[in-house]
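Peer 1: My questions all concern the structure below.
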Amino acid sequence: MDMHSSINSRSPQAMRGMGAFGSETAPADAAAIERARGATPVSDTTDEIFVSGRWVRGTGTVIDSVDPATGRVFARLHGATEGDVDTAVDGGLRAIASSGWAELMPHDRAAILHRIGTAIDANADRIAALQTVDTGKTLAETRALAHSAAGTFRFMASALETMEEAITPRRGSFLSFATYEPIGVVGVITPWNSPIASDAQKIAPALAAGNAVVAKPPVWAPWVTLLLARLAEEAGLPAGLLSVLPGPGRTVGDALARHPGIGKISFTGGTETGRVLAHIAAEKLMPITLELGGKSPTIVFADADLDQALAGVLFGIFSSSGQSCIAGSRIFVQRTVYDEFVDRLVAATSALRVGPGTDPGTQVAPMVTRQHRDGVAAMVDEAVHAGATALCGGAIPADPALAEGAYYLPTVLTGVGNSARICQEEVFGPVAVVLPFDDESDVVAQADDTVFGLACGVWTSDYRRAWRTARAVQAGTVWINTYKQFSISTPFSGLKDSGLGTEKGRDGIRSYMNQKSIYLDMSGQPLPWAGL
């Protein structure tokens, strides 16, 4: 099976024909790139992976990392192999035993998690610069993601310190307890579109629970996860409790999921790969958490504050260049305000600033690779040929200054029904489709007419309508008069083809633990069955 494409991209078109970045451009001198860009943190891109507490050069596939803004290779990394998975898992098991990590008092484990969070905050600019050159995202976004990751480690540390076990209600002459214990070694597979935040969302609770973690970052963006490993090492995390193994999903990811020493997988990525992993988990009878794709509806009722709704819709689909699982890519607008809203949306979309992520004025940065960009463009072209109208965008920018990057203009499409492919498949790019609706029942039916169920936005001034719609729509997260707001303290999950299991929140730690029941006799008497 080929897990590589889905693990490193969530979009259908990126699941086809993954090639080597090296074919796009010859490797460039790292120092020259740093001088030219002024922000490329080449010192954080040494050719080493982190295997069971040791920094070693990988013996697997060569990974050429391309700056999406320039098309230039800025670093080269030898990835991991199946043998590295064996070493990392075995080392994790030994580290749990030798360090006593699982037996530490919760506050002692929490102290190290707090230190990791502090280290992330202290290195936020360094992390942001590295993530921007690796993924193309704006520095404002990557800096926010770094601080979010720090907050995740702090929250999980605090939740760990205050997590309670239970004495359950008495049902006999015994005391009964519900306790929780670490699984052992867990595998986490993270996406390229928000590496540091996704890393923290999985690694922090897994470590808090007392486990060792083997992380497989995306081939397209491995560097921030490796930097996180360095920060964790410096913060005092015992050696071997965290390994970071970049490499293709079809080899490293598959080996990680199938390894008999792995007790759980947590995966964020494409739905098809999620299904493959779910089958492996079923064969092993292993718990799994899947955060998968989406085709999220955004619903604008006629009584909404249209200024507020417009700002939210723009942010919901075009921030992160649309490369977000919860992007509000299907925009349903009530028919009585449809024309007005579409006109305003097109004007505002056309005014968005497209440019490199290092430019403070940029709103829509390059996509992660030109290959991914071309897949998005192909889906838009297909929709237009099938009858859609591109009211703005729908093309690669003509600006010569952007010619070498993976840019695509933010696009607004109309003129198609909800059953069109462009409305049913995850594009994972800056592409919105606007559709009219008549009333609540109409829009709920259209919103739910998809295999996905990840997120939804509702814009209305009627709180009763907002509540009814939020409860009726099949989605793991619903925002009312806002969009893409998150809290690590609030659970996150997907319905239908959008996922399985829950991340974040206080129970995020327990999702990486096994529950055990203990009964303690209080009578001192033999059980009567034996007649003794």
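Peer 1: Here are the criteria: (1) within 30 Å of Asp67 (Cβ to Cβ); (2) buried (at least 20 other Cβ atoms within 10 Å of the Cβ). Tell me which single one Phe437 does not satisfy.
Peer 2: Failing condition for Phe437: (1).
Peer 1: Quick one: would you say Val478 is more than 19 Å from the chain's Cα centre (by Cα) and not polar (S, T, N, Q)? Working first, answer last.
Peer 2: Numbers: more than 19 Å from the chain's Cα centre (by Cα): no; not polar (S, T, N, Q): yes.
No.
Peer 1: Quick check on my filter: what residues within the range 325-354 are surrounded by fewer than 22 Cβ atoms within 10 Å (Cβ to Cβ) and small (Gly, Ala, Ser)?
Peer 2: Ala347, Ala348, Ser350, Ala351
Peer 1: Report whether or not Ala166 is of a type outside the set (S, T, N, Q), surrounded by fewer than 21 Cβ atoms within 10 Å (Cβ to Cβ), more than 29 Å from Gly91 (Cα to Cα) and under 23 Å from the mean Cα position of the chain (by Cα).
Peer 2: On the way: of a type outside the set (S, T, N, Q): yes; surrounded by fewer than 21 Cβ atoms within 10 Å (Cβ to Cβ): yes; more than 29 Å from Gly91 (Cα to Cα): yes; under 23 Å from the mean Cα position of the chain (by Cα): no.
It is false that Ala166 is of a type outside the set (S, T, N, Q), surrounded by fewer than 21 Cβ atoms within 10 Å (Cβ to Cβ), more than 29 Å from Gly91 (Cα to Cα) and under 23 Å from the mean Cα position of the chain (by Cα).
Peer 1: Picking from Val213, Val224, Val186, which residue would you name as being part of a helix (DSSP H, G or I) and buried (at least 24 other Cβ atoms within 10 Å of the Cβ)?
Peer 2: Numbers: Val213 fails: part of a helix (DSSP H, G or I); Val186 fails: part of a helix (DSSP H, G or I).
Within the list Val213, Val224, Val186, the selection yields Val224.
Peer 1: Any chance you could count how many residues in the range 272-286 are surrounded by fewer than 24 Cβ atoms within 10 Å (Cβ to Cβ) and either of a type in the set (S, T, N, Q) or touching a helix residue (DSSP H, G or I) at 6+ places or on another chain (Cβ under 7 Å) (or both)?
Peer 2: Matching residues across the range 272-286 total 2.
Peer 1: While we're here: Any idea which of Val380, Val376 is surrounded by 14 or more Cβ atoms within 10 Å (Cβ to Cβ), touching a Leu at 6+ places or on another chain (Cβ under 8 Å), of a type outside the set (Gly, Ala, Ser) and outside any loop (DSSP other than H, G, I, E, B)?
Peer 2: Working: Val376 fails: touching a Leu at 6+ places or on another chain (Cβ under 8 Å).
Selected residue: Val380, the only one of Val380, Val376 that is surrounded by 14 or more Cβ atoms within 10 Å (Cβ to Cβ), touching a Leu at 6+ places or on another chain (Cβ under 8 Å), of a type outside the set (Gly, Ala, Ser) and outside any loop (DSSP other than H, G, I, E, B).
Peer 1: Do you know which of the residues in the range 187-210 that are out of contact with any Leu (no Cβ under 7 Å at 6 or more places or on another chain) and among the hydroxyl-bearing types (Ser, Thr, Tyr) is farthest from Ala119 (Cα to Cα)?
Peer 2: Among residues in the range 187-210 that are out of contact with any Leu (no Cβ under 7 Å at 6 or more places or on another chain) and among the hydroxyl-bearing types (Ser, Thr, Tyr), the one farthest from Ala119 (Cα to Cα) is Thr190.
Peer 1: Can you name every residue in the range 488-532 that is of a type in the set (Asp, Glu) and modelled with pLDDT under 95? So that I can check it myself, show each step before the final result.
Peer 2: So in the range 488-532, the residues of a type in the set (Asp, Glu) come out as 497, 503, 507, 521.
Selection gives Asp507 alone.
Peer 1: Further question: May I ask you to list the residues in the range 59-90 that are touching a Pro at 6+ places or on another chain (Cβ under 9 Å) and of a type in the set (Val, Ile, Thr)?
Peer 2: Listed by number, the residues that qualify are Thr61, Ile63, Thr70, Val73, Val89.
Peer 1: Next question, about the same structure. What pairs come out if I take residues in the range 495-518 that are part of a strand (DSSP E or B) and pair them with residues that are acidic (Asp, Glu) and buried (at least 18 other Cβ atoms within 10 Å of the Cβ) whose C-beta lies under 9 Å away, six or more apart or interchain?
Peer 2: Gly499/Glu291; Leu500/Glu291; Glu503/Glu291
Peer 1: Right, next: Report whether or not Pro41 is modelled with pLDDT under 65, crowded, with 17+ Cβ neighbours inside 10 Å, under 15 Å from Pro222 (Cβ atoms) and assigned by TED's automatic domain parsing to the domain that holds Val214.
Peer 2: On the way: modelled with pLDDT under 65: yes; crowded, with 17+ Cβ neighbours inside 10 Å: yes; under 15 Å from Pro222 (Cβ atoms): yes; assigned by TED's automatic domain parsing to the domain that holds Val214: yes.
Considered against the rule, which asks whether it is modelled with pLDDT under 65, crowded, with 17+ Cβ neighbours inside 10 Å, under 15 Å from Pro222 (Cβ atoms) and assigned by TED's automatic domain parsing to the domain that holds Val214, Pro41 comes out as yes.
Peer 1: Right, here's the next one. Could you list, ordered by first residue, the pairs with Cβ atoms under 6 Å in which the first is in the range 459-478 and more than 15 Å from Asp439 (Cβ to Cβ) and the second is part of a helix (DSSP H, G or I) and acidic (Asp, Glu), at least 6 apart or interchain?
Peer 2: Every condition considered, the pairs that remain are Gln474/Asp448.
Peer 1: Among the candidates Thr118, Thr87, Thr132, which residue alone is at pLDDT 95 or above, among the hydroxyl-bearing types (Ser, Thr, Tyr), buried (at least 24 other Cβ atoms within 10 Å of the Cβ) and not in a loop (DSSP other than H, G, I, E, B)?
Peer 2: None of the others qualify; the one that does is Thr132.
Peer 1: Considering every residue within the range 494-512, establish whether at least one is surrounded by fewer than 20 Cβ atoms within 10 Å (Cβ to Cβ) and closer than 14 Å to Ile326 by Cβ.
Peer 2: The answer is yes, given that some residue of the range 494-512 is surrounded by fewer than 20 Cβ atoms within 10 Å (Cβ to Cβ) and closer than 14 Å to Ile326 by Cβ.
Residues are listed down the side, and each one gets a yes or a no for (1) on the phi > 0 side of the Ramachandran plot; (2) among the acidic types (Asp, Glu); (3) in contact with an Asp or Glu (Cβ under 9 Å, 6 or more places away or on another chain):
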position	(1), (2), (3)
Asp442	no, yes, no
Ala445	no, no, no
Asp449	no, yes, no
Gly453	no, no, yes
Thr460	no, no, yes
Ala466	no, no, no
Ala472	no, no, yes
Phe486	no, no, no
Ser489	no, no, no
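Peer 1: On to the next question. Say we look at the range 321-348 and pick out the residues that are of a type in the set (Gly, Ala, Ser), touching a residue at least 60 places away in the same chain (Cβ under 8 Å) and touching a strand residue (DSSP E or B) at 6+ places or on another chain (Cβ under 9 Å); which of these is farthest from Tyr463 (Cα to Cα)? Can you show your working first?
Peer 2: Step one: of the range 321-348, the residues of a type in the set (Gly, Ala, Ser) are 321-322, 324, 327-329, 347-348.
Filter again for touching a residue at least 60 places away in the same chain (Cβ under 8 Å), leaving 321-322, 324, 327-329.
Among the residues that remain, those that are also touching a strand residue (DSSP E or B) at 6+ places or on another chain (Cβ under 9 Å) are: 321-322, 327-329.
On the way: Ser321: 31, Gly322: 29, Ala327: 23, Gly328: 21, Ser329: 24 Å.
That would be Ser321.
The values are calculated or read from the model by the stated rules, or taken from the named source; none is laboratory data. Just so it is clear, the structure is predicted and the values come from calculations on it, not from any experiment. Ideal geometry is used to build each Cβ from the backbone, glycine not excepted, and the neighbour counts take in all protein chains shown.
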